[in-house]
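**Q** Pasting a structure below so you can have a look.
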Amino acid sequence: MSALHITLLARIPLIREGLRALLADEREFHVTTLAPTDDWFDELLADKPDVLLVDVQVLELEGWEVLDELRRALPTLTTLVLGDNTPDPRVPQALALGARGYLLRDTMADEMAAAIRAAQRGTVVLHPQLAANLFQTLQRAKEIEREANVEGGGDLIEPLSARELDVLRLMTRGWANKQIAAELVISEHTVKFHIRAILGKLGAANRTEAVTLALHKGLVSL
């Protein structure tokens with residue numbers, strides 16, 4: 001049986017080497033590390049690992065849509081995101097963009113190894129606390145939807161404008177305000193204005209709820 005090739009992509013050397021050491025005792029794992037240099041994406045495509053552990057700081061730096069780019073470029077790649085805290089509202093967008101799971105950096109070695117194997121077999125893996133938070137978010141979205149159905153037949157408080165829909169589609173892709181502003185050729189202040197309007201019209205408390213409700217209502221798609 002060939003070794004499972006795992007690449008650790010992280011900005012901070014200590015995190016890369018710490019994760020490598022964490023998995024050192026797993027003999028069936030072949031672990032390599034990668035820093036987010038200008039050509040990291042091409043290096044990854046050339047190396048073709050089985051599993052990618054990508055630190056959340058890299059996604060904040062490169063843009064969350066890189067998860068979708070990886071999914072398209074390497075369809076067989078299993079990608080797991082490593083975060084640093086709970087709750088984390090970025091979990092739904094990570095899964096929507098192609099990640100197979102979301103773990104924490106301080107996960108125990110045996111738990112991380114088990115999660116990697118499970119993800120490689122096709123299972124979505126989440127840190128227990130992150131899974132609980134995601135469930136609560138989805139439950140809240142359902143409650144908001146039920147309230148909307150009772151109060152207004154399922155309609156929005158007010159229809160979204162064409163520009164608000166443009167912003168919402170990019171939010172669904174996990175784009176930050178700066179990226180949305182550049183894509184739509186508007187200011188970040190205007191983006192924030194549109195997001196406030198979107199939250200209000202959807203009856204959402206935050207961006208994650210807004211995206212969840214928008215997907216449920218069919219306003220946007222992945």
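**Q** Would you mind telling me which numbered condition in (1) surrounded by fewer than 19 Cβ atoms within 10 Å (Cβ to Cβ); (2) within 23 Å of A131 (Cβ to Cβ); (3) in contact with a Lys or Arg (Cβ under 8 Å, 6 or more places away or on another chain); (4) of a type in the set (A, V, I, L, M) A35 fails?
**A** (2)
**Q** In the range 155-213, what residues are polar (S, T, N, Q), farther than 19 Å from R90 by Cα and surrounded by 14 or more Cβ atoms within 10 Å (Cβ to Cβ)?
**A** Matches in the range 155-213: T190 only.
**Q** Being among the hydrophobic types (A, V, I, L, M, F, W, C), under 22 Å from G18 (Cα atoms) and in a loop (DSSP other than H, G, I, E, B) is the filter; apply it to the range 99-128 and report the residue that is farthest from the chain's Cα centre (by Cα). If you could, list the steps in order and put the result at the bottom.
**A** To start, the set of residues in the range 99-128 that are among the hydrophobic types (A, V, I, L, M, F, W, C) comprises 99, 103-104, 108-109, 112-116, 118-119, 124-126.
Narrowing further to those that are under 22 Å from G18 (Cα atoms): 99, 103-104, 108-109, 112-116, 118-119, 125-126.
From what is left, the residues that are in a loop (DSSP other than H, G, I, E, B) are 99, 108.
Details: A99: 6, M108: 22 Å.
My answer is M108.
**Q** Determine whether P92 is within 26 Å of L215 (Cβ to Cβ), buried (at least 18 other Cβ atoms within 10 Å of the Cβ) and either touching a residue at least 60 places away in the same chain (Cβ under 8 Å) or in contact with a strand residue (DSSP E or B) (Cβ under 8 Å, 6 or more places away or on another chain) (or both).
**A** On the way: within 26 Å of L215 (Cβ to Cβ): yes; buried (at least 18 other Cβ atoms within 10 Å of the Cβ): yes; either touching a residue at least 60 places away in the same chain (Cβ under 8 Å) or in contact with a strand residue (DSSP E or B) (Cβ under 8 Å, 6 or more places away or on another chain) (or both): yes.
So P92 passes the test.
**Q** Touching a residue at least 60 places away in the same chain (Cβ under 8 Å), within 21 Å of Q179 (Cβ to Cβ) and among the charged types (D, E, K, R): is that true of E65 in this structure?
**A** Numbers: touching a residue at least 60 places away in the same chain (Cβ under 8 Å): yes; within 21 Å of Q179 (Cβ to Cβ): yes; among the charged types (D, E, K, R): yes.
Taking the combined requirement at face value, the residue satisfies it.
**Q** Of (1) touching a Leu at 6+ places or on another chain (Cβ under 6 Å); (2) at pLDDT 85 or above, T86 satisfies all except one. Which?
**A** The failed condition is (2).
**Q** From the list D55, D38, D42, D47, exactly one residue is modelled with pLDDT of 90 or more and within 26 Å of N177 (Cβ to Cβ). Which is it? Before the answer, list the steps.
**A** Values: D38 fails: modelled with pLDDT of 90 or more; D42 fails: within 26 Å of N177 (Cβ to Cβ); D47 fails: within 26 Å of N177 (Cβ to Cβ).
Checking each option against the conditions leaves just D55.
**Q** Being in contact (Cβ under 8 Å) with a residue 24 or more places away in the chain, under 20 Å from A210 (Cα atoms) and small (G, A, S) is the requirement here; does G98 meet it?
**A** On the way: in contact (Cβ under 8 Å) with a residue 24 or more places away in the chain: yes; under 20 Å from A210 (Cα atoms): yes; small (G, A, S): yes.
Judged against the criteria, G98 is a match.
**Q** Does the range 15-30 include one or more residues that are within 19 Å of the chain's Cα centre (by Cα), touching a residue at least 24 places away in the same chain (Cβ under 8 Å) and outside any helix (DSSP H, G or I)? Before you say what the answer is, go through the steps one by one.
**A** Of the residues in the range 15-30, the ones within 19 Å of the chain's Cα centre (by Cα) are none.
Looking for residues that are within 19 Å of the chain's Cα centre (by Cα), touching a residue at least 24 places away in the same chain (Cβ under 8 Å) and outside any helix (DSSP H, G or I), one finds none in the range 15-30, hence no.
**Q** Among the residues of the range 71-98, write down those that are assigned to a loop (DSSP other than H, G, I, E, B) and either touching a Lys or Arg at 6+ places or on another chain (Cβ under 9 Å) or not assigned by TED's automatic domain parsing to the domain that holds D42 (or both). Steps first, please.
**A** Restricting attention to the range 71-98, the residues satisfying the condition of being assigned to a loop (DSSP other than H, G, I, E, B) are 74-77, 84-90, 97-98.
Once the filter is applied, which keeps residues that are assigned to a loop (DSSP other than H, G, I, E, B) and either touching a Lys or Arg at 6+ places or on another chain (Cβ under 9 Å) or not assigned by TED's automatic domain parsing to the domain that holds D42 (or both), the range 71-98 yields L74, T76, L77, D84, P89, L97, G98.
**Q** Tally up the residues in the range 1-14 that are in a loop (DSSP other than H, G, I, E, B), over 18 Å from D84 (Cα atoms) and touching a residue at least 12 places away in the same chain (Cβ under 8 Å), please.
**A** If we filter the range 1-14 for residues that are in a loop (DSSP other than H, G, I, E, B), which is where we start, we get 1-3, 10-12.
Then drop every residue that is not over 18 Å from D84 (Cα atoms), which leaves 1-3.
Add one more test, that the residue is touching a residue at least 12 places away in the same chain (Cβ under 8 Å), and what stays is 1, 3.
The number of residues fulfilling the criteria is 2.
**Q** I've got another one for you. Which one of D38, D42, D68 is part of a loop (DSSP other than H, G, I, E, B) and out of contact with any strand residue (DSSP E or B) (no Cβ under 6 Å at 6 or more places or on another chain)? Spell out how you get there, then give the answer.
**A** Numbers: D42 fails: part of a loop (DSSP other than H, G, I, E, B); D68 fails: part of a loop (DSSP other than H, G, I, E, B).
Checking each option against the conditions leaves just D38.
**Q** Shifting gears a bit: Which of the residues belonging to the range 40-72 are of a type in the set (D, E, K, R), within 15 Å of V91 (Cα to Cα) and surrounded by 14 or more Cβ atoms within 10 Å (Cβ to Cβ)?
**A** Kept after step one, since they are of a type in the set (D, E, K, R), are these residues of the range 40-72: 42-43, 47-48, 50, 55, 60, 62, 65, 68-69, 71-72.
Then drop every residue that is not within 15 Å of V91 (Cα to Cα), which leaves 55, 60, 65, 68.
D55, E65, D68, listed by residue number.
The values are calculated or read from the model by the stated rules, or taken from the named source; none is laboratory data. What you see is a predicted model; the values in this text were computed from it and never measured. Using ideal geometry, Cβ is built from the backbone for each residue, glycine included, and neighbour counts are taken over all protein chains shown.
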